[in-house]
1. From the residues in segment 171-185 that are surrounded by 14 or more Cβ atoms within 10 Å (Cβ to Cβ) and without any contact (Cβ under 8 Å) to a residue 60 or more places away in the chain, which one is nearest to R91 (Cα to Cα)?
2. Sort out which residues of segment 1-50 are over 31 Å from the mean Cα position of the chain (by Cα) and not aliphatic (A, V, I, L, M), and write them in order of number.
3. Which condition number does K146 fail, the rest of (1) surrounded by fewer than 16 Cβ atoms within 10 Å (Cβ to Cβ); (2) basic (K, R); (3) closer than 24 Å to V276 by Cα being met?
4. Would segment 93-105 turn up any residue that is acidic (D, E) and in contact with an Asp or Glu (Cβ under 7 Å, 6 or more places away or on another chain)?
5. Say we look at segment 72-92 and pick out the residues that are outside any loop (DSSP other than H, G, I, E, B) and not charged (D, E, K, R); which of these is farthest from the chain's Cα centre (by Cα)?
6. Between V130, V134, which is more than 18 Å from A211 (Cβ to Cβ), surrounded by 23 or more Cβ atoms within 10 Å (Cβ to Cβ) and modelled with pLDDT of 95 or more?
7. Scanning for something at pLDDT 95 or above, touching a Gly at 6+ places or on another chain (Cβ under 8 Å) and of a type outside the set (V, I, T), does segment 258-270 turn up at least one residue?
8. Applying the selection to segment 136-147, what residues are more than 19 Å from A98 (Cα to Cα) and not charged (D, E, K, R)?
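The values are calculated or read from the model by the stated rules, or taken from the named source; none is laboratory data. None of the values given here were measured: they were computed from a predicted structure. Note that each Cβ is placed from the backbone with ideal geometry, even for glycine, and that neighbours are counted across all protein chains shown.
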Amino acid sequence: MNLYDAEKILSDAGIDDAEFECRLLAERFLRIPMSRSAYMKTGQLDYMPDFGEFRRALEKRATRYPLQYIIGEWEFYGLRMKVNENCLIPRPDTELVAEKAIVELQKMPKKTEFRCVDLCTGSGCIAAAVMSHVKNASFTLVDISKSALDIAKENMELNGLLTRTTLVEADVMTEIFHSEKFDLVTANPPYIPSEVMQTLEPELEHEPRIALTDEGDGLSFYRAIINLYKYALTEDGVIVLEHGYDQYEKVREIAEENGMSAEVILDYGKRQRGAVLKNVR
């Protein structure tokens, strides 16, 4: 087998960027640098010491099992993040939410410490990105899944952020913090409507369903988070949320019903993918 053969296995399985993914797998399991693999496509791989592991990874990816879980980590906002089936795979849309959260903190009046909370934290990628760029930010990471929090803790350790982190296993749909105030609340909650789940790409079947859908209209977490956390903000505090491409107007309506203003976050394709919420004074 050579890399051309390996690419064809992925391509035949319906994977769009088969060449890129094949090269990533070759780097991870055969230790062939990405910079070299483009020039060694015809070389035989069977003789290499870890070929069996590479072949198994290739065949697993051909079943549409997520590449990120096979590799075991993924880059997010320049950080290395561990991932497995207990957490969502970090995606570029979520990087935009993290970036907006960083900007919002940098606009606030200076203080010794910015106190932040990341709801439905999963891998902890949003909090890690913010803390890596705002050195006086600390985060409470909340998730209903202990397994997800274990991954988040590992990622905080990996990126040298654990001392600025508190982990809380709890349901974000309920009141967790009774008197605490936060400068920043971030969340990428389950927002896919249940009726849409069966139409999605097969890779999503392997991600935790509890992190993808609220088993309803996709808005129940926004109703709860906005209703609960509008009271938990400092005077200049903000809520920064990710949502689906067609949900901004509904999220804005929920915010306005709760006395908050909303500013849209656009992705690189100019689609509405998030919102910044502030209490109206």
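1. Once the filter is applied, the top-ranked residue is V172.
2. Passing the criteria: N2, Y4, D5, Y39, K41, T42, G43, Q44, D46, Y47, P49.
3. Failed condition: (3).
4. So far as segment 93-105 goes, yes, one or more of its residues are acidic (D, E) and in contact with an Asp or Glu (Cβ under 7 Å, 6 or more places away or on another chain).
5. L79
6. V130
7. Looking through segment 258-270, none of the residues is at pLDDT 95 or above, touching a Gly at 6+ places or on another chain (Cβ under 8 Å) and of a type outside the set (V, I, T).
8. Correct list: I144, S145, S147.
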